[in-house]
Amino acid sequence: SSALLEVLDPEQNVAFRDHYLDLPFDVSNVFFIVTANTLDTIPGPLRDRMEIIQLSGYVDSEKLEIAKRYLIPKSLEKNGLKKARVKYTRDALTAIAEGYAREAGVRNFEKYLDRIHRKIALAVVTAPEGEDTKRFEVDKPSLEKYLGKPRFDADEVKRATLPGMTVGLAWTSMGGDTLIIEAVANPGKEGFKLTGQMGSVMQESAGIAYTWVRHHVADAHGIDAKFFEERQIHLHIPEGATPKDGPSAGITMATSLASLVLGKRVKDRLAMTGELSLTGQVLPIGGLREKTVAAKRNKIREIIIPRANEKDLSDIPEHVKKGIVFHPVDRMEEVLEIALS
């Protein structure tokens, strides 16, 4: 990053000295393009010298087309196999995308295809004479033989089954994901405890959610102040070994706390995403396309989104939106009306 700081600074890069050439040369007229999976690990001074363009990840149907048109032919050639030798079923390619390569791009998808083709190439060269012309069909049941157990459980559906549980939508470097947020109230001294490896921004969002629920929900529904004074509220996001950060779980955390305080379950097959302000405004978020794909995978039927993100719905393919009802909202009160009705 220190080398990039010098290269990208127009005041210094007129005489950039490279360790290999060890001669100063002018790179001030060069247009640099750099790529990254996540912005969090880029140092602040370096980010200030860049124009940041966010590119949304591929949905599964796009990964399938990329695999069929480009990745499979390229990987077959690399591993010395003829195109007619290997046939993939659509279910197998979908299973690779969902169970093994859920990242926003297709780098891991290509790695898994290479792994399959290497094993097929080995089977070809070690086959007895007369059987080395066999055609291989890669279907969903045979994937485990080539790739082992799936990294992601495609059949696991996250559901809010008790008061205090809410399904949220998150964006990660692996693409979209669903997460369950849980809240419980323990008898004892007043307090608010957070677990689940939350980053500083997410902890602040949780604090805002707690304050808003304590002042607005309690007042609106006549909840006695003793409920908070005599209990410690514990908010947790499962998969505690996975670090999480960002403000877009604000309304999800507030809904979990409201659901707990009111003793009402959140509507089934409903998920949400949105940043919450201290006054109850629902603010826009990023990565709606990837989050919707994750919701579809989790059999979600309704998604609550900030009204400011309504314009982003046009970027989501129709087949992904099919069967999902979107609820654009401006305020947290609207979220609770939909989620706890």
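Could you check, for the range 257-271, whether at least one of its residues is modelled with pLDDT under 90 and part of a loop (DSSP other than H, G, I, E, B)? Within the range 257-271, not a single residue is modelled with pLDDT under 90 and part of a loop (DSSP other than H, G, I, E, B). Scan the range 280-311 for residues that are in contact with a helix residue (DSSP H, G or I) (Cβ under 8 Å, 6 or more places away or on another chain) and under 23 Å from Lys158 (Cβ atoms) and the total you get is 13.
Could you please find all residues in the range 163-176 being modelled with pLDDT under 90 and either assigned to a loop (DSSP other than H, G, I, E, B) or not hydrophobic (A, V, I, L, M, F, W, C) (or both)? Within the range 163-176, Thr172, Ser173, Met174, Gly175, Gly176 meet the criteria.
Looking only at residues in the range 27-47 that are at pLDDT 85 or above and open to solvent by 80 Å² or more (accessible area, probe 1.4 Å), which one is farthest from Met202 (Cα to Cα)? Selected residue: Asn29. Scanning the range 48-64 for residues that are surrounded by fewer than 13 Cβ atoms within 10 Å (Cβ to Cβ) and free of Cβ contacts under 8 Å to residues at least 40 places away in the same chain returns Asp48, Glu51, Ile52, Ile53, Leu55. Within the option set Asp245, Asp268, Asp312, being out of contact with any strand residue (DSSP E or B) (no Cβ under 6 Å at 6 or more places or on another chain) and closer than 14 Å to Gly176 by Cβ holds for one residue only, Asp312. Filter the range 120-161 down to residues that are modelled with pLDDT of 80 or more, open to solvent by 50 Å² or more (accessible area, probe 1.4 Å) and more than 28 Å from Glu290 (Cβ to Cβ) and give me whichever is farthest from the chain's Cα centre (by Cα). Checking each candidate, the answer is Pro128. Between His327, His319, the distinction of being farther than 13 Å from Val167 by Cα and open to solvent by 80 Å² or more (accessible area, probe 1.4 Å) belongs to His319 only. Looking across the range 221-238, the residues that are touching a residue at least 24 places away in the same chain (Cβ under 8 Å) and either open to solvent by 70 Å² or more (accessible area, probe 1.4 Å) or not in a loop (DSSP other than H, G, I, E, B) (or both) come down to His221, Phe227, Phe228, Glu229, Glu230, Arg231, Gln232, Ile233, His234, Leu235, His236.
The values are calculated or read from the model by the stated rules, or taken from the named source; none is laboratory data. All values reported here derive from a predicted model rather than from experimental measurement. A quick note on method: Cβ atoms are made from the backbone with ideal geometry, for glycine too, and the neighbour counts reach across all protein chains shown. Ligands, DNA and RNA are excluded from the accessible area calculation, which covers all protein heavy atoms including side chains. Shrake-Rupley method; radii C 1.70, N 1.55, O 1.52, S 1.80 Å.
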